[in-house]
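The values are calculated or read from the model by the stated rules, or taken from the named source; none is laboratory data. For clarity, every value in this text was computed on a predicted model and none was experimentally measured. SASA here: full protein model, heavy atoms, side chains in, ligands and nucleic acids out. Shrake-Rupley method; radii C 1.70, N 1.55, O 1.52, S 1.80 Å.
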Amino acid sequence: MKKILFAMIASLALVLAACGGNGSEEGGQTVNSTLQKVQKNKKLVVGTAPGYFPFEMKNTDGEFIGYDVDLANAMGKWLGVDVEFKQFVFDGLTPALQAGEVDMIIAGLTIRGDRALAVSLSQPYYTAGQAILLPGDDNATKSWEDLDVKGKKVAVGVGTTGAILAQDIFKNAEVMVFDDFPLAATAMGQGQADAVLYDEPAIAVWKAQQGDNVKVLPELLSKEKLGIAVQKNDFETIQWINSFLDSYVDSPEELTSREKWFDNSDWLNEVDEE
């Protein structure tokens, strides 16, 4: 009986060890969550993908700027740690997180069921939607259905919700995939594509920048909520992020950031367009 009991206890210990989530050894000390790792290292490493206006961009000095950058810096301030940004192509962010190259992703990431299979996602901090950008001289396109004909080309950003939506709804038009939104919009401006499908905030900023050279269809194709991603099953860190967001969103600090990046376009002069 004692042998059976001992075997059961040993098996339970193995199961509990396996369920330890993202525990890792650093300097001989077990680190069980991203939150503990960040506090221990005194640094928060954030994965982002510049080019998603006005959430994350680089200025002419090579510095990261934007609404998401303000959000990450506010998190660092609350934790009392430095913040380091690492740049990736958008669809390289999740592999970088899974490999431990970054502590979290703050990059206009839409909360989706398929993503939740690979990472853990916070509660929403912003609601966006998918919109259609057109050349300024296009007077024929009144809806996305007008684009879904053979010979038409719709540009999207790789790995984005817009790319998934485009592949789903466009049965006849060709979907062209680019590394980021500026490349997709530039391709349209050069006549390589007939339209761009992307998040409405970024399209609105591009419209402010380009003026009458472009136009935007008024109807959104969808609405998505943006969240922060951490490694799968890192519940301690997700709980802290959600508590932080409850305090940060609609605070004076967040409202100032929102006004700066969404309510005016003065910052466009700072952006590195290369």
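The figures follow:
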read-out	value
Long-range HN-HN contacts of Phe178 with modeled amide H, under 5 Å	Val156, Gly157, Val158
Accessible surface of the chain [probe 1.4 Å, protein heavy atoms]: carbon and sulfur percent	51
Nearest 10 degrees, 0 to 90: helix 67-79 Cα axis against the chain principal axis	20
26 Å Cα-Cα reach of Lys153 towards lysines, excluding residues that sit fewer than 8 places from it in its own chain	Lys142, Lys171, Lys207, Lys215, Lys223
Accessible surface of Ile169 - all protein chains present, 1.4 Å probe, nearest 10 Å²	30
Cross-link table Lys40/Lys77; Lys37/Lys225; Lys232/Lys260; Lys37/Lys260; Lys37/Lys232, entries beyond 24 Å C-alpha to C-alpha	Lys37/Lys225; Lys232/Lys260; Lys37/Lys260
Rounded to 5, the percent of DSSP beta bridges in the chain classed as antiparallel	60
Residue among Gly136, Gly76, Gly227 with the largest mean-square fluctuation in a Gaussian network model of the chain, springs linking Cα atoms under 10 Å	Gly136
Mean shadow area of the chain over all directions, Cα convex hull, nm²	18.1
Residue-normalised accessible area of region 155-258, given per residue in Å² at a 1.4 Å probe	46
Under 5 Å, built H, 5+ apart or other chain: amide partners of Lys43	Asp82
Under Karplus coefficients 6.51, -1.76 and 1.60, residue-wise ³J(HN,Hα) of region 156-172 in Hz, glycine/proline x	9, x, 4, x, 8, 4, x, 5, 5, 4, 4, 5, 7, 9, 8, 9, 10
Eligible aspartates and glutamates near Lys152 by straight Cα distance, threshold 19 Å, same-chain separation 8 or greater	Asp137, Asp138, Asp168, Glu174, Asp194
